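A short write-up of the structure that comes next.
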Amino acid sequence: MSSVTIITLLIQTLFLYTGAASPATDISVLAPFAAGSRSLLRSIDGDQSEKPDYAVELNATNFDSVLSETPATHAIVEFFAHWCPACRNYKPQYEKVAKIFNGADAAHPGIILMTRVDCAQKINTNLCDKYSVGHYPTLLWGPPSKFVHGSFNPKQGKGEILSIEDGRTAERLLNWINQQLNSSYLLDDQKYENDQLQKNSSDIGQIARAIYDIEEATFTAFDIILDHKMIKSETQLSLVKFFQLLVVHHPSRRCRKGTAEILVDFDNISVNKKEAEGGVEKGEPRHYDICGKDVPRGYWMFCRGSKNETRGFSCGLWVLLHSLSVRVDDGESEFAFSAICDFIHNFFICEECRQHFYSMCSSVSSPFKKSRDFSLWLWSTHNKVNERLMKEEASLGTGDPEFPKIIWPPRQLCPSCYVSKSGKDSNKIEWDHDEVYKFLKGYYGKALVTLYKEKEPLVEKRSVGLLAEDLTASTSVNALVVPLGAALAIAVASCVFGALACYWRQHQKSRKYKYLHSLKDI
């Protein structure tokens, strides 16, 4: 038996024993699957008829992981007991505030993650003790990262985690938040109204939040491909090439992991190879979480426009492409160029945009030998697209008034990119390409992943140390019980996947993708 086959079997074991916990419930249910299928499994809610709460239910098994992975800048944790009448009466008040901050239809997503923990569940006893919960409900406020492996002691004075003493009604809680953030949020705010968007183009730190938009764009792109059944015999190779590029160079670890899993199982996602078996299709694409179970989130951070139809996916996709361009080595630059061009040509569903982009790809006369040249070509291509869209949007009035198309980067963001030289044509920009490349490497490379790098180690410290008896102690029907054998299988398979991911990345880089020629028969 080959090593790849052994690794594949162990990965199957991982997904047979694990299900992703839904943010709104503790019940984790495995989706039905055909016998023998290697499809990845996505969790589903037990009761789709009930309207979900806006506040995210947490417990000791997911507390650290959810708070470490959230893109939100702030978090509120409500510690309550389900048997407490005051807690039941307070829930509608808390939900009114959570509605404007949590979920895909939130008026102000990505700012505050509002959560709750039921201290009456035995599984949460130690967690509630760590945060000195002495009465119900207790509301704590702080940066999400400070809650991860954290604690709270009110006797130690003012720290980064604060107790909210005046939040017993929705109005008073929101007023406390507004005082804390110097904001003016209202309970009846609707999406894109009273929006406090970040518009300061000179703030290089804003790009750090785009890591979440890249994950959202990666999911959306794959979702579009599956929805429109775009994987054909003539397009499979171009998708495999693009996914191989993502496995090695995607800035998000979650997306690298998810893409590698899809490549391992790629033969099962072709629309031409579906086999109905027991009413369930083999290789059902909806089971694939290309960037993890928490994606899609349903909203954008860095790429959020002032209107629902502006920015979003197209912005996130551009940021992904730029981030790839600054990560490839010189020997990979031509492969990255062809992989991106073929992907857009075969899978970007906007016909006019697709044709424009591919015509610019076709105009390249010689192969790229340096990653610098490829990165600058993509930057120049993006600016050409912006120049064309500036004219069209100005004449039709379809642009985003808060985020008009501009030539990138603006002088405020990279003054050294502009050559200070007066000429006859004052409208023509003279660029210092060395400085532009330096800016692109920093902006789409180091700055982009700064926030993600800070949080990634926390994700690795998920609640693996939780004892088996703690997992089985809860008397609630919503508690997730993990058998000891399953826990061991998860641990072994997780280690094996780490080896698989390392294998993929090193294998891709060392061979410079020469083995792609062997995939022609896919």
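The values are calculated or read from the model by the stated rules, or taken from the named source; none is laboratory data. Everything quoted here is computed from the prediction, not taken from an experiment. Every residue, glycine among them, receives a Cβ derived from its backbone with ideal geometry; neighbour counts consider all protein chains shown. SASA here: full protein model, heavy atoms, side chains in, ligands and nucleic acids out. Shrake-Rupley method; radii C 1.70, N 1.55, O 1.52, S 1.80 Å.
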> What number of residues within region 67-114 are closer than 13 Å to residue 142 by Cβ, among the β-branched types (Val, Ile, Thr) and surrounded by fewer than 21 Cβ atoms within 10 Å (Cβ to Cβ)?
Replying inline: 1
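Yes/no per residue for (1) at pLDDT 90 or above; (2) under 22 Å from the mean Cα position of the chain (by Cα); (3) assigned to a helix (DSSP H, G or I); (4) charged (D, E, K, R):
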{"residue": "158", "(1), (2), (3), (4)": "no, no, no, yes"}
{"residue": "166", "(1), (2), (3), (4)": "no, no, no, yes"}
{"residue": "175", "(1), (2), (3), (4)": "yes, no, yes, no"}
{"residue": "183", "(1), (2), (3), (4)": "no, no, no, no"}
{"residue": "191", "(1), (2), (3), (4)": "no, yes, no, yes"}
{"residue": "199", "(1), (2), (3), (4)": "no, yes, no, yes"}
{"residue": "205", "(1), (2), (3), (4)": "no, yes, yes, no"}
{"residue": "213", "(1), (2), (3), (4)": "yes, yes, yes, yes"}
{"residue": "217", "(1), (2), (3), (4)": "yes, yes, yes, no"}
>> Could you check region 298-308 and list, in sequence order, the residues that are assigned to a loop (DSSP other than H, G, I, E, B) and open to solvent by less than 40 Å² (accessible area, probe 1.4 Å)?
In response: 298, 299, 301, 303, 305, 306
> Of all residues in region 77-124, how many are part of a strand (DSSP E or B) and out of contact with any His (no Cβ under 8 Å at 6 or more places or on another chain)?
Replying inline: 8
> Does residue 317 satisfy being touching a residue at least 60 places away in the same chain (Cβ under 8 Å) and either surrounded by 18 or more Cβ atoms within 10 Å (Cβ to Cβ) or hydroxyl-bearing (Ser, Thr, Tyr) (or both)?
Replying inline: yes
> In region 337-395, what residues are open to solvent by 60 Å² or more (accessible area, probe 1.4 Å), of a type in the set (Lys, Arg) and more than 23 Å from residue 443 (Cβ to Cβ)?
Replying inline: 369, 391
> Any chance region 52-64 includes a residue that's touching a Gly at 6+ places or on another chain (Cβ under 7 Å), surrounded by fewer than 21 Cβ atoms within 10 Å (Cβ to Cβ) and either at pLDDT 80 or above or on the phi > 0 side of the Ramachandran plot (or both)?
Replying inline: yes
